[in-house]
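Only one structure is covered here, and it is reproduced in the block below.
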Amino acid sequence: MFFFKLPVKILLLVLAATAATILWQRAQLAALALVHVNPVPETKALVGEQRYAEATTYLDFFMAYAYVQDNPEAQALHADILAKRNDMSYQAEKLYDGLIKGTSDEVIGQTAGVLTDFFVIGDIRDLVYQGTKALNGEEVDEVLVALATVGVVASTAQAVSSVATVSTAGAAAPTVAASTAVKGGSVILKVARKLGKLPAWLTKAIIAGADTVKKTKKLDSVTELFGDVFSLAKIKGGVTLLDKTTDAASLRKMARAADLYGDQTPTLYRMGGDTFLTMAQKTAELGADTIKLAATFGQNGLKLLDNIGALKFVKYTARGSKMIYKGDIINLLARLLSLIPEFILYLLMAAATVVWLPWKYLSSLIARLGMPVGYKH
């Protein structure tokens, strides 16, 4: 029935053996197929847009890894950016942005820009300013009014709860923390509003929450939302991350990631997107260092980590890094083999099995059992 010549049978056998090996080493091949993210092009793009603070944060993350540390171009770029940021004229410019414009991407400007907003005077200033615009028939920014309203109530709650904390020997401390988080959240939301990075869903939530706060004089309706925003306020690039959220659930994930990864969160999100946010929820299981290592390979690295677990991922990528000196051919071959669909691999194994089965012996055995081949009822 199957009359293949010996060379063809041998070829099928070799292909089947190869297919079996690919299936067996699927995870290792996937690890070998990973390509490290080269941070230099993205960093240069950020520098071209004069986003030096963001460029520093981004490149700093990768400088912790040998493949970037040993890159002369990355080292020179890193030094150039630091020299620019340390320049007195640059610092003065950023201070001006913070004082006059109220926005800045550098710490010195941000400190100057939001300092008054941490005190009730900043909120009163905004309410008076927006009230004046209303009297003059000008368009009022309802979001800033809402944030200032929440800020006033939060400042009052801070003062009251601080006094209560002293009188109750610390029992009221959680209330202080909650009101402080709301206050901090309102500050970064003001910054985001001025930068045009406040997502539409959040503007609606702010206005609705502020209406409730105004009526009840309590912060319960905004505590969780503003608390999550405050987690982003504590890291560099938090406003940018805020702009990426789509609802309260995504904000919660972003906030938890910020609590875990701090200033590295924007860079990790830039490389892994929502995949990183999902993996961040598994930090206790996989380990922060392993997740950061996986992120240096982009989304593919994070997905592979999720599929095979931390131990295998670290072992396979370490093994692969030792083979890199042999050239890109290994990486290319691994990628090509990883692209072969599993059903084709199983099909090759099945074909070889069919071809190499001893059909004559099986036919003879069936005949001896009284069941002639081709017998029909």
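Nothing in this text is a laboratory measurement; each read-out follows from the coordinates by a stated rule. Being a predicted model, the structure only gives us computed values, none of them experimental. In this analysis, Cβ positions are derived from the backbone assuming ideal geometry, glycine residues included, and neighbour counts consider all displayed protein chains.
How much net charge surrounds THR275 when only other residues with a Cβ under 11 Å from its Cβ are counted (Lys, Arg +1; Asp, Glu -1)? Intermediate results must be reported in sequence, preceding the final value.
On the way: positive: LYS303; negative: ASP274, ASP306.
Residues close to THR275 contribute a combined charge of -1.
Output ³J(HN,Hα) for the range 294-309: one whole-Hz value per residue in order, computed from phi by the Karplus curve 6.51 cos²θ - 1.76 cosθ + 1.60 with θ = phi - 60°, and x for Gly and Pro.
4, 5, 5, 9, x, 4, 4, x, 5, 5, 5, 4, 5, 6, 10, x
Roughly speaking, what is the centre-to-centre gap between the range 296-316 and the range 266-286 when only Cα atoms are used, to the nearest Å?
If we compute the Cα centre of each part, the gap is 12 Å.
For LEU195 and LYS218, what does the FRET efficiency come to when R0 = 30 Å and r is the distance between their Cβ atoms, rounded to the nearest 0.05? Don't skip to the end; give the middle numbers.
Details: r = 29 Å, r/R0 = 0.98.
Taking R0 as 30 Å, the efficiency between LEU195 and LYS218 is 0.55.
First select every other residue whose beta carbon is under 12 angstrom from the beta carbon of ALA288; then total the charges, Lys and Arg +1, Asp and Glu -1. Spell out each step's value before the answer.
On the way: positive: LYS282, LYS292; negative: ASP259, GLU285, ASP289.
Once all neighbours under 12 Å are counted, the net charge is -1.
Answer rounded, prolate or oblate for the range 200-239, using the Cα gyration tensor with square roots of eigenvalues a ≥ b ≥ c: rounded when a/c is under 1.5, else prolate when a/b is larger than b/c, else oblate. Write down the numbers at each step before the final one.
Values: a/c = 3.60, a/b = 1.78, b/c = 2.02.
It comes out oblate by the Cα gyration axes.
Divide, for the range 232-307, the radius of gyration over alpha carbons by 2.2 N^0.38 Å, where N is the residue count.
Values: Rg = 11.3 Å, N = 76, 2.2 N^0.38 = 11.4 Å.
Ratio of Cα Rg to 2.2 N^0.38 Å: 0.99.
Using a basic spin-label model with each label point 7 Å from the Cα along Cα→Cβ, how many nm lie between LYS282 and GLN75?
Each label point lies 7 Å from its Cα, and together they span 3.7 nm.
Would you calculate the separation in nanometres between label points at GLU139 and TYR90, each defined as 7 Å from the Cα along the Cα-to-beta-carbon direction?
3.6
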